[in-house]
Amino acid sequence: MTHPLNLFNLNLADMEQLLVDWGEKPFRARQIFQWLHQVGLVDFSEMHNLSKVLRQKLIENSQLQLPVQIKQQIASDGTRKWLLHLDYNNHIETVFIPEDDRNTLCVSSQVGCALACSFCATAQQGFNRNLSVAEIIGQLWSAEHQLRAEQKQALKGQEARQISNIVFMGMGEPLLNYDNVIKAMRIMMDDLAYGLSWRRLTLSTAGVVPALDRLREDCPVNLAISLHASDDDLRNQLVPLNQKYPLKTLFAACDRYLTTGQRRKITYEYVLLKDVNDSPKHAKALIALLRHRPAKVNLIPFNPFAHSGYQCSTPDSIQRFQNQLIDAGLITLRRKTRGDDIDAACGQLAGKVQDKSRRKIQSANEGTL
Ligand code: SAH
């Protein structure tokens, strides 16, 4: 029998409340939390520091349910892409990116995406639903404990923390699944779970302005804004959300975001699309927008997918664009394309989505599929 109360949906505060409601001491919640997240145990009967009575209560009144990994692909550069099964017809993808000084996990926040950015493969899949807290944290749980087990085997018994950084740059718009994303981030940062500092969490958004203001108050992690254009006409086409929150409104929210006290910069992502947004004129407009702001620019060479209608800018124009920004004094990095031989790069995640937005039907009628 499956139970509606999935403990992976609870952060520590929720778990403490639950245990108190059950007439237990709050520290029991901390013990369970550590078993689940730090140790990676999903069997109540092995949680030996809990009383038998409590273990039985947990078995009878709750469940431990996580997404199931059904496919792993490993790219030539070591990047891995995992396909996770959620429920009938819904799958998401998570990407692991190993680097010399960090191991980054790129997590999804929704099944598909409703934002319809014209250059993104996820958008073409349409949208079904938000991920639960368990489905978001489950991506980290499964990556962390799988990699740890592999390392333990390779190093004969030694275990060390594996994932050092999280980016919400997988499928979906994290700020449109606000409550679950915040709760999952709190679990990621909890010392009794994964102990990641806010500096190691980055939330990427197309710019849902009201939620940006809430994020600043609730959980001010690193922010990446998917900008991609420096004038409203072009951004309306590339990121339709811009029609609701145009650049002026978006930048006012970005400026407010930096008033939380912690010293930092916002990262602005800019996907380079050939003959669309990559000319010296576009670079000049971008400089004008960012020059006086605490900003870092992340240039992303467009990652192609079938029927996208876009092409990646040439290496020369990418270089020229980057140089122009650097010459104007902007910190400008070019995102390395990782895992493209397994379609794991930015904007290529598709999973499998039971689309409720009917986008696929619309696109087919418009002849774009
Ligand atoms: N919805 C969020 C997070 C998901 S996308 C957001 O919009 O930020 C993560 C990043 O990949 C975004 O900057 C997105 O614009 C970019 N991206 C999407 N499709 C891409 C593609 N085909 N090539 C390169 N980058 C892409």
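The values are calculated or read from the model by the stated rules, or taken from the named source; none is laboratory data. What you see is a predicted model, and the numbers here were worked out from it, not measured in a lab. Heads up, the Cβs are rebuilt from the backbone with ideal geometry, glycines too, and the neighbour counts pull from every protein chain shown.
Looking only at residues in the stretch 214-226 that are in a helix (DSSP H, G or I) and modelled with pLDDT under 95, the one that is surrounded by the most Cβ atoms within 10 Å (Cβ to Cβ) is ARG216. Scanning the stretch 146-183 for residues that are farther than 17 Å from TRP82 by Cβ and among the aliphatic types (A, V, I, L, M) returns ALA154, LEU155, ALA160, LEU175, LEU176, VAL181, ILE182.
Of the set (1) closer than 15 Å to LEU273 by Cα; (2) among the β-branched types (Val, Ile, Thr); (3) surrounded by fewer than 18 Cβ atoms within 10 Å (Cβ to Cβ), all apply to ILE300 but (3). Taken together, ALA229, ALA288 contain a single residue that is at pLDDT 95 or above and part of a helix (DSSP H, G or I), which is ALA288.
In this structure, is ASP191 part of a loop (DSSP other than H, G, I, E, B) and in the same structural domain as ILE266 (by TED's automatic domain parsing)? Here the answer is yes, as ASP191 does meet what is asked. Just one of (1) buried (at least 19 other Cβ atoms within 10 Å of the Cβ); (2) more than 18 Å from the chain's Cα centre (by Cα) fails for GLY126. It is (2).
Based on this model, can you work out whether GLU173 counts as more than 18 Å from ALA344 (Cβ to Cβ), crowded, with 19+ Cβ neighbours inside 10 Å and more than 15 Å from the ligand (Cβ to nearest atom)? In short, no. Taking the options ARG214, ARG199, ARG186, name whichever one is away from the ligand (no atom under 15 Å from the Cβ), in contact with a Cys (Cβ under 9 Å, 6 or more places away or on another chain) and either closer than 30 Å to ASN103 by Cα or assigned by TED's automatic domain parsing to the domain that holds ALA13 (or both). Just a single option satisfies the conditions, and that option is ARG186. Please identify the pairs in which a residue from the stretch 295-307 that is over 16 Å from LEU223 (Cβ atoms) has its Cβ atom under 7 Å from the Cβ atom of a residue that is more than 7 Å from the ligand (Cβ to nearest atom) and among the β-branched types (Val, Ile, Thr), counting only partners at least 6 apart or on another chain. Note: pairs meeting the criteria are LEU299/ILE318; LEU299/THR332; PRO301/ILE318; PRO301/THR337; ASN303/THR337; HIS307/THR368. In the stretch 263-279, the qualifying residues are those that are out of contact with any Phe, Trp or Tyr (no Cβ under 8 Å at 6 or more places or on another chain) and not aromatic (Phe, Trp, Tyr), and the one that is surrounded by the fewest Cβ atoms within 10 Å (Cβ to Cβ) is ARG263. The single condition among (1) surrounded by fewer than 19 Cβ atoms within 10 Å (Cβ to Cβ); (2) more than 13 Å from the ligand (Cβ to nearest atom) that SER118 does not satisfy is (2).
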